[in-house]
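Written out below as structure tokens is the structure these notes cover.
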Amino acid sequence: MSIQEFRDYMASGKPVIGGSDVHMMFHKLSQQALRITAEINGKYHTPDELHTLLEQLFGREIPQSVGMFPPFHTDCGKNTVLGGRVFINMGCKFQDQGGITIDEGALIGHNVVLATLNHDLSPGNRQSMTYAPIHIGKNVWIGANATVLQGVTIGDGAVVAAGAVVTKDVEPNTIVGGVPAKLIKRIQTNK
């Protein structure tokens with residue numbers, strides 16, 4: 001299975017059955033991700049060196065304006081898309097098999113978890129997985145230690161408070177917080 005075939009399968013919404021070809025691809029991609037993230041996290045890299053490593057990890061071109069402070073962890077890497085001026089702070093963990101898109105200008109705080117997978121609830125099928133993409137809009141700010149779960153879209157300009165667990169879509173230009181995250185207030189925008 002090629003990386004593009006993997007991406008296409010994951011975009012299809014079809015189930016991932018334990019032991020299937022796509023499940024085995026998870027394992028292959030995780031080994032690549034572990035190797036590259038070990039290099040990213042194991043020593044200092046100049047911004048240009050880090051950019052090259054991130055393109056290897058994500059398996060695609062990323063804008064030169066993307067910034068990151070390692071350490072960074074992912075168990076796949078090949079299903080993340082980053083817009084320009086995205087910044088990812090230290091300690092983030094992306095489980096991106098189901099697809100993660102982070103639009104232009106988004107800020108991802110320390111220790112944020114983006115999780116696109118879930119295991120089947122039936123004990124007999126626990127190795128099988130459900131998944132759904134995460135989409136983070138333009139100029140979103142996700143605070144430290146927040147967790148965003150599968151299928152969530154965070155609208156442009158929104159803020160996710162530190163420590164929040166986001167289980168449902170977030171409207172544009174709002175602030176959410178808590179466990180589970182709820183609306184705190186609307187952001188007044190300058191036009």
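The values are calculated or read from the model by the stated rules, or taken from the named source; none is laboratory data. Being a predicted model, the structure only gives us computed values, none of them experimental. Here Cβ is always computed from backbone atoms with ideal geometry, including for glycine, and neighbour counts include all displayed protein chains. The protein model used for the area step is the full one, side chains on, heavy atoms only, and it has no ligands, DNA or RNA in it. Shrake-Rupley method; radii C 1.70, N 1.55, O 1.52, S 1.80 Å.
Roughly what % antiparallel, to the nearest 5, for the DSSP beta bridges in segment 114-191? So the antiparallel bridges amount to about 40 percent of the total.
Can you give me the accessible area per residue for segment 4-149, using a 1.4 Å probe, in Å²?
Details: 6960 Å² over 146 residues.
Heavy-atom SASA per residue in segment 4-149 reads 48 Å².
Using the Karplus relation 6.51 cos²θ - 1.76 cosθ + 1.60 with θ = phi - 60°, the per-residue 3J(HN,Hα) values for segment 100-113 come to 10, 10, 10, 7, 3, x, 6, 10, 10, x, 3, 6, 6, 10 Hz, with x marking Gly and Pro. Its Cα centre serving as origin, the chain has a Cβ charge dipole (Lys and Arg +1, Asp and Glu -1) of approximately 500 debye.
Between segment 154-191 and segment 9-78, the C-alpha centres lie 27 angstrom from each other. Dividing the helix sum by the residues of the chain, where each DSSP H run of 4 or more adds -39500 (n - 2.57), gives a mean residue ellipticity at 222 nm of -7500 deg cm²/dmol.
First compute the accessible area of the chain with a 1.4 Å probe, then give the percent of it belonging to carbon and sulfur atoms.
Working: 5380 of 9720 Å².
With neighbouring chains kept in place, the figure for the chain is 55 percent.
Mean projection of the Cα convex hull over all viewing directions, computed for the chain: 11.1 nm².
Considering only segment 46-187, what is the antiparallel percent among its DSSP beta bridges, to the nearest 5? Intermediate values should be presented prior to the final figure.
Working: 7 of 37 bridges.
Beta bridges within segment 46-187, antiparallel portion: roughly 20 percent.
Of Lys43/Lys168; Lys43/Lys78; Lys43/Lys185; Lys14/Lys43; Lys14/Lys185, which ones are farther than 31 Å apart at the Cα? Beyond 31 Å between Cα atoms: Lys43/Lys168; Lys43/Lys185; Lys14/Lys43; Lys14/Lys185.
Largest first, the extents of the alpha carbon coordinates of segment 24-136 on the three principal axes equal 47, 27, 24 Å.
Extension gain, Asp21-Ile187: 0.36 nm per intervening residue step, less the Cα-Cα distance, totals 55.2 nm.
Ordering Pro133, Ile175, Gly155 by Cα displacement along the dipole of segment 75-191 toward the positive end leaves Ile175 in first place; charges were set at the Cβ atoms of Lys, Arg (+1) and Asp, Glu (-1).
At 0.36 nm per residue, minus the direct Cα-Cα distance, what do Ser128 and Val179 gain on full extension? Give it in nm, one decimal, please. Intermediate values should be presented prior to the final figure.
Values: separation 51, 0.36 × 51 = 18.36 nm, distance 2.65 nm.
Result: 15.7 nm gained on full extension.
For the pair Leu121 and Gln31, label points projected 7 Å from Cα toward Cβ lie 3.5 nm apart.
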